Amino acid sequence: MSQAGPDTVVGYDRQAVEPWVAAQVPQLEAPFVWTRLEGGHSNLTYRIDSADGNFSAVVRRPPMGELLPKAHDMAREWACISALDPTDVPVATPLAFCASPHVTGAHFYVMGLVNGTALYTVDDVETFLVPEIRTTMAENWIDVLAALHSLDPDEIGLGDLGRKQNYVIRQCTTWYRSWVASAEAAGIDDDEIHELHDLLIRTVPDQGRATVVHGDYGTHNVMVGAAGEIAAVVDWEIATLGDPLADFAYSINAWVQHDDPWLAPDSTMAPLAEGFPTRQHLIDRYAASTGCDLSRLSYYQTYNRFKTACILHGVYARYRNGQKAISSEDLEQLRLRTLAAIESAKDGGRALG
């Protein structure tokens, strides 16, 4: 975190934003103390402290520059936390949304400050959670996802968040299109990936009830309290409606274990910390909580491996094509990550097919 002076609040016109926020959130007295928060991906996220020191909040807007049409959707995030705030899914308290881009050049919103820590790495876990509460934290983490998937989107006002049906087929089609478009720039193509796409389309399970799906639910996107509770789920910008088992499988894939065959030897992902339960423990807990039939879970896990491979393939292609700056060493690391993800997807496909 770094404190920002009057001229260093990237993306925010303080002279316009502070009066607007103070009018909407009376607890905040201008001028604010601004502190940049890391971990918000490329979104510009700041803690703002009231001049009287009595109240703090968080303000969030998209990054500067040209954006993809559906990327960094602050209105979507605001809709999600507003709808989920009264439910059992913990979110930051919604305080104000600015729908006019004229205030500071983009939509932005203000939410309550959450007392908690996101867990990205083993070091984060070792610093913040004593071993005795790590199983509790993991169980709370999966229970919150189960609670999200148990909500009826129509009843909480999110029935129009996205299309409800054919979620996996639509996702497979989107990411396969990305693979095809990126193959030349990446210098990587693979017949088995094309075959895996066809297999996933051909054998997709019937989708049950559509729910809100977070899309990137992992330990990095929850704020964990000191007692192992989940204080808030964050980063709702790609949330939509769809198949909850696809969302669950993504999260379970991200709950990595030391014996995962495609895990990088130097991986420091948070679930690798000592004291956490196994992936199967969390699968069983989710099944008991939701009553979902998980007999096709391996399909959904493979679908997510395919999706991850396509995403990394596209990112690698853009860097390799010079669309983004990167060092040669980091580019090589990205290439190796991409190849590992491809092999993981293919391995899942062989098990399915």
| What is the distance, in nm, between label points placed 7 Å from the Cα along the Cα-to-Cβ direction at Asp330 and at Gln24? | 3.2 nm
| task | Mind grabbing the base-10 log of I(q)/I(0) for region 285-327 at q = 0.23 Å⁻¹? Debye formula, identical points on the C-alpha positions, no solvent, two decimal places. | result | -0.79
| remark: Helix-only [θ] at 222 nm, the chain, -39500 (n - 2.57) per DSSP H run of 4+, per residue, nearest 500, equals -14000 deg cm²/dmol
| C-alpha center-to-center spacing [region 267-298, region 149-204] in angstrom | 23 Å
| query | Of Lys307, Lys346, how do they rank once you tally other Cβ atoms within 10 Å and put the fewest first? | reply | Lys346, Lys307
| said: Whole-Hz ³J(HN,Hα) for each residue in region 179-191, computed from phi via Karplus 6.51 cos²θ - 1.76 cosθ + 1.60 with θ = phi - 60°, x for glycine and proline: what do you get? | reply: 4, 4, 5, 9, 4, 5, 5, 6, x, 9, 9, 7, 4
| What dipole magnitude, in Debye to the nearest 20, does the chain give about its Cα centre under +1 on Lys/Arg Cβ and -1 on Asp/Glu Cβ? | 760 debye
| message | I'd like the antiparallel share, as a percent to the nearest 5, of DSSP beta bridges with both residues in the chain. | response | 100 percent
| message | Can you give me the angle between helix 328-352 and the longest principal axis of the chain, using Cα atoms only, in degrees from 0 to 90, rounded to the nearest 10? | response | 50 degrees
| note | Hits in region 108-142: amide N under 16 Å from the 7 Å Cα→Cβ extension of Glu274, namely 122-135
| note | Footprinting proxy, Tyr120, Tyr316: sorted fewest to most Cβ within 10 Å, the residues are Tyr120, Tyr316
| Short version: what are the Cα gyration tensor semi-axes of region 122-352, square root of 5 times each eigenvalue, largest first, in whole Å? | 28, 24, 17
| task | Please give every one of the aspartates and glutamates within straight-line cross-link reach of Lys324, meaning a C-alpha to C-alpha distance under 17 Å, and leave out same-chain neighbours fewer than 8 residues apart. | result | Glu66, Glu184, Glu332
| field | Electrostatic dipole magnitude of region 242-351 [Cβ: Lys, Arg +1; Asp, Glu -1; Cα centre; debye, to 20] | value | 440 debye
| message | Please compute the alpha carbon radius of gyration of region 54-180, then divide it by the globular-protein estimate 2.2 N^0.38 Å. Two decimals is fine. | response | 1.29
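Every number in this text was worked out from the coordinates using simple rules, so none of it is lab data. Small disclaimer: the values here were computed from a predicted structure and weren't measured. With ideal geometry, Cβ positions are generated from the backbone for all residues, glycine too; neighbour counts draw on all protein chains shown.
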